[in-house]
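All remarks here apply to the structure that follows.
The values are calculated or read from the model by the stated rules, or taken from the named source; none is laboratory data. Given the structure is predicted, the values throughout are model-derived calculations rather than measurements. Neighbour counts run over all protein chains shown; Cβ positions are idealised from the backbone, glycine included. Only protein heavy atoms, including side chains, enter the accessible area calculation; ligands, DNA and RNA are left aside. Shrake-Rupley method; radii C 1.70, N 1.55, O 1.52, S 1.80 Å.
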Amino acid sequence: KADGKGCWRTFDPALEEKAQHHRQLDLDMREALAADAMELHYQPLVDLRSGRVAGFEALLRWNKPGHGWVSPGEVIPVAEATGFIVEIGRWALGRACADALAWNGLRVAVNISSIHVRMPGFHEEVAAVLRETGLRPDLLEIEITESVLLDHGAEVLENLNRLRAQGVRIALDDFGTGYSSLSYLTEFPFDKVKVDRSFVRDLQGRPEKVAVVEAIARMARALSMTVTVEGVETRQQLDVLRDKRCDVAQGFLYSPARPASEVAALVARIEGAGLPPREGDPPAA
Ligand code: C2E
Ligand code: MG
Ligand code: MG
Ligand code: MG
């Protein structure tokens, strides 16, 4: 394209190499999922008023033999391009709901690609998974990103309304990035917005960033939604977010995503430590 109209390149070695890499990755992914070599790890969501763990977000993890951990940032785009993401989504829903059965009432949040969430039967797939696993519908949260709302609003709205009617929670992920439109917040039935990590980075000494987070929290409250903030890494960030009345924090300060077998220990550790006192609070007696 950059070479101007009418000029077509039939063979670009760099592009061809990339395409080949994607084809191989796609094959490897299919093989891994079929061989049960993909995993979900779980990152805690911590309630900022009580200090208790409110639930966990399921995140895809793939330890590729001879290669090490492959990041979702690398495989999700390829899986979206080939459509394989729909199978990953089905698998993740089943696995996450089955794992969450053991959590005594903690919620599990599952990321679902826009390609999947706009498919006409999506709400029925979710209903079937809930029936088969026996998980209470209100313990499942679906995380979707704004990009899905742009071109497929009607299909998505139908699915989200049907999910909501079953009791499933809906979260708008990565809020504040991409195609953000505030009108989405009034037109789609979200229970929660998840403020993107980019808003939390360098929060200290950046009053304009704090102001944006505070405004999002205020707006969400007015719309009866809760606010989760991703990427909380420091005590200082936590203090600011509590001060601005965000509801839930997620980040390395508490824990990265860990295997299902560690969920109970994570809950015990986080709840055992309690919320740190805020700066300026009187010392505990
Ligand atoms: P996301 O849904 O916004 O998930 C949060 C990401 O932030 C995760 O990255 C998590 O590991 C990372 N994170 C959490 N706390 C911190 C922190 O304090 N510091 C830093 N630096 N990072 C933090 P991850 O696991 O690499 O996933 C990246 C994205 O890939 C996810 O972003 C989500 O969009 C997508 N993804 C992951 N698993 C799945 C899945 O099963 N299905 C689909 N469709 N997408 C997935
Ligand atoms: Mg997410
Ligand atoms: Mg997110
Ligand atoms: Mg994010």
- Item | Whole-Hz couplings from phi, Karplus 6.51/-1.76/1.60, listed for region 19-24; x for Gly and Pro | 4, 5, 4, 5, 4, 5
- Message: Residue by residue through region 240-256, what is 3J(HN,Hα) from phi via Karplus (6.51 cos²θ - 1.76 cosθ + 1.60, θ = phi - 60°)? Round to whole Hz and write x for glycine and proline.
- Response: 4, 5, 5, 4, 8, 6, 6, 8, 9, 10, 9, x, 5, 3, 8, 4, x
- Counting only heavy atoms of protein chains, what accessible area per residue, in Å², does the chain have with a probe of 1.4 Å? 51 Å²
- Excluding Arg61 itself, calculate the net charge of residues whose Cβ lies under 15 Å from the Cβ of Arg61, where each Lys or Arg counts +1 and each Asp or Glu counts -1. -4
- Query: Helix-derived [θ] at 222 nm for the chain: sum -39500 (n - 2.57) over DSSP H runs of at least 4, divide by residue count, nearest 500?
  - Reply: -13500 deg cm²/dmol
- Note on the structure: For the chain, longest principal axis from Cα atoms; helix 72-82 axis from its Cα atoms; angle between them, nearest 10 degrees, is 40 degrees
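So if we plug the beta-carbon distance of Glu233 and Trp91 into 1/(1 + (r/R0)^6) with R0 = 30 Å, what FRET efficiency do we get, rounded to 0.05? Present the calculation step by step, with values, prior to reporting the outcome.
Numbers: r = 30 Å, r/R0 = 1.00.
According to the calculation, E is roughly 0.50.
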- Note on the structure: Helix 153-166 sits off the longest principal axis of the Cα atoms of the chain, rounded to the nearest 10 on a 0 to 90 degree scale, by 50 degrees
- Task: Could you please state how large a percent of the accessible area of region 136-285 is carbon and sulfur, counting protein chains only and using a 1.4 Å probe?
- Result: 53 percent
- Item | Point-to-point label distance, Ala81-Arg30, nm (Cα→Cβ direction, 7 Å offset) | 1.6 nm
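Would you mind classifying region 7-94 by shape? Square roots of the alpha carbon gyration tensor eigenvalues, ordered a ≥ b ≥ c; an a/c under 1.5 is rounded, otherwise it is prolate if a/b is larger than b/c and oblate if not. Spell out each step's value before the answer.
Values: a/c = 2.73, a/b = 2.14, b/c = 1.28.
Prolate, since a/c reaches 1.5 and a/b exceeds b/c.
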- Roughly how big is region 190-247's charge dipole about its Cα centre, with Cβ charges of +1 (Lys, Arg) and -1 (Asp, Glu), in debye to the nearest 20? 80 debye
- Task: Give me the number: length gained by fully extending Ser261 to Val212, i.e. 0.36 nm times residue separation minus the C-alpha to C-alpha distance, one decimal in nm.
- Result: 13.9 nm
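Kirkwood Rh, Cα Rg: Rg to Rh for region 122-216? The partial results should precede the final answer.
Working: Rg = 15.5 Å, Rh = 14.7 Å.
Across region 122-216, the Cα-based Rg/Rh ratio is 1.06.
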- Highest first, please rank the peptides 95-101, 121-127 by the mean number of other Cβ atoms sitting within 10 Å of their residues. 95-101, 121-127
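What FRET efficiency comes out for the pair Thr186/Ala98, r = Cβ-Cβ distance, R0 = 35 Å, nearest 0.05?
Values: r = 35 Å, r/R0 = 1.00.
For Thr186 and Ala98, the calculated efficiency is 0.50.
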- Note on the structure: Between Asp202 and Arg245, the FRET efficiency computed from the C-beta separation at R0 = 22 Å comes out, to the nearest 0.05, as 0.60
- Mind pulling the angle between the C-alpha long axis of helix 207-222 and the longest principal axis of the chain? Nearest 10 degrees, somewhere in 0 to 90. 90 degrees
- Item | Fraction of accessible area attributable to carbon and sulfur, region 30-105 (%, probe 1.4 Å) | 51 percent
